[in-house]
Amino acid sequence: MQTIRKRLSILFVICSILAIFLITLFVNTTINKKFNQYMADIQNKRYERIVVYLEEIYKREGNWNDNSGIELMHEAYMGNYCLTLLDINKKTVWGMDPNEIKNNLHFNTMLTQDKGVYNSKRFEIHYNGKVVGFVDIGQYAPILLTEEDVNFKKSINESIIASGILTLLIIIFVSLYFSKQFSRPIKAVANMSVNLSKGNFDAKSNVESNIEELENLRNSVNILAEKLKYQDSLRKRLVSDISHEIRTPLNVLQNNLEAMIDGVLPVTSERLSNLNEEVVRFGKLLNSLNALKEFETESIKLDFETILLNELIKDICKDFQTAVEKKNIKLRCKFQNNSDYSITGDRDKLKQVFINLLSNSVKFTEAEGEITFELYETYKNIVVEIKDTGVGIKKEDLPFIFERLYRGDKSRSEIEGSGLGLTIVKNILKLHSASIEVKSEEGKGTTFKISFIHSVDK
């Protein structure tokens, strides 16, 4: 199995080699074609020059003889081609032997399949519009190249090959560098996911990337690790808290009953009443856990009807009047006039929500404090706010107050409660498509804000 860096490097190198090969082939073919065309044009111009030169000689001398244009032989010999001068009757005036140039030390031709095959072309020589003779130009290759031409062409091909090799080396280096930059964050995230699968929730990826998708992946996995770590600690805490909540009433019952059985404590109505309160407390905890289970599995049945929230809240405030007067707390209910506060929901379950929140406010608000129950409308929502001037919630506890059995700091934990109330509240509101937010400052109070969708918009 290959690493992603190795696979990317191989992919980059293969693509680079293929691209360089194709580019080199294209450039080489194009240059050779253009070069051959250039040499062919030069060769054609040479043919024209030879014909024109012989025409000038005939014009000057008026006829052909053994010396007419014979000086061209030297140039032809050096240029690796043969000349044969013919008169009007196509009889040879003078000519060169092709074998003389075949083994010429200066003989260099373009490497083609026609090399070594002698070919000649015949051109007419004119004077005053009439044909006065012919010249045959023969050679052993379609295009004649001098040694300089061959060396020039060879240097071009070598330069192309050298450029291709140099480019390939540069691309290999660059591909290795970028594949490392690309693979490092992925490898770090992969290793981190392996650690997470093994239960090491402290794993964290610190390898940053300038690629947006990879950076988003890294951040997401880091967040996932934090959430898994929190869930793991929450699970352990949940087991511990449930064990503690169940063990406490059981220990009280067991110790007192054993003492009564052993005769250490007399059996009295007061003691039996206290034991019964522990049984009731234990039963409430089990009922709350069972209710929470039903809410979270959404197996609980809700009886939906149209509810006027202002009427429901007024009734709840009346029910709490005695409790707030006993603690000398001021309870105020504020409503906007001429507003429709009707929603669709389960009356009993929503009443449980408001009672739970108001009970918490009363618990954690000291004497001379104040609790405000405010109801108002926004553009699409009906909002219920419960504000108190109580002890408040620590900033580090705020994100977890809706978790099961979360009791917060010691001062709040000392107050009686199962730690399931707010969890049930959130689940009830979720089934009503409502949301709940909390704002709190330690020592200054807490505000719970619940937003319902207006029944008209549902």
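Below, the figures for the structure above:
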read-out	value
Any pair with Cβ under 7 angstrom, 6 or more apart, that starts in the range 27-44 at a residue that is more than 17 Å from E158 (Cα to Cα) and ends at one that is modelled with pLDDT under 85 and of a type outside the set (G, A, S)	N36/I143; M39/I143; M39/L145; M39/D149; A40/I143; Q43/I143; Q43/L144
Matching residues, the range 167-206, being of a type in the set (D, E, K, R) and under 30 Å from L22 (Cβ atoms)	K180
Residue within the range 50-72 that is surrounded by 14 or more Cβ atoms within 10 Å (Cβ to Cβ), under 60 Å from the mean Cα position of the chain (by Cα) and aliphatic (A, V, I, L, M) present	no
Residue in the range 429-436 that is at pLDDT 90 or above and part of a strand (DSSP E or B) present	yes
Positions within the range 198-231 being exposed (fewer than 13 other Cβ atoms within 10 Å of the Cβ), within 22 Å of the chain's Cα centre (by Cα) and of a type in the set (G, A, S), in sequence order	S220
Single residue of the range 117-140 satisfying the filter (outside any loop (DSSP other than H, G, I, E, B) and among the small types (G, A, S)) that is farthest from N99 (Cα to Cα)	G133
Neighbours by Cβ (under 7 Å, 6+ apart or cross-chain): first from the range 117-134, within 17 Å of E61 (Cβ to Cβ); second of a type in the set (S, T, Y)	I125/Y58; Y127/Y58; V132/Y58; G133/Y58
Test: residue in the range 382-403 that is more than 15 Å from E441 (Cα to Cα), assigned to a loop (DSSP other than H, G, I, E, B), under 42 Å from the mean Cα position of the chain (by Cα) and modelled with pLDDT under 90	yes
Top-ranked residue in the range 363-377 [being in contact (Cβ under 8 Å) with a residue 40 or more places away in the chain and surrounded by fewer than 19 Cβ atoms within 10 Å (Cβ to Cβ); ranked as nearest to I393 (Cα to Cα)]	K363
Criterion (within 30 Å of A162 (Cβ to Cβ) and in the same structural domain as P142 (by TED's automatic domain parsing)) met by exactly one of N28, N63	N28
Any pair with Cβ under 9 angstrom, 6 or more apart, that starts in the range 220-237 at a residue that is at pLDDT below 70 and ends at one that is in a helix (DSSP H, G or I) and surrounded by 12 or more Cβ atoms within 10 Å (Cβ to Cβ)	L234/F400
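Okay, residues lined up against (1) closer than 30 Å to S220 by Cβ; (2) at pLDDT 80 or above:
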| position | (1), (2) |
| --- | --- |
| G138 | no, yes |
| I143 | no, no |
| I170 | no, yes |
| F173 | no, yes |
| K180 | yes, no |
| A203 | yes, no |
| N206 | yes, no |
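Table: residues versus (1) in contact (Cβ under 8 Å) with a residue 60 or more places away in the chain; (2) β-branched (V, I, T).
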site	(1), (2)
L144	yes, no
I156	yes, yes
I160	yes, yes
I171	yes, yes
Y177	no, no
K180	yes, no
K198	no, no
A203	no, no
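The values are calculated or read from the model by the stated rules, or taken from the named source; none is laboratory data. From a predicted model like this one, the values you see are computed outputs, not experimental measurements. Note: ideal-geometry Cβ built from the backbone for every residue, glycine included; neighbour counts use all protein chains shown.
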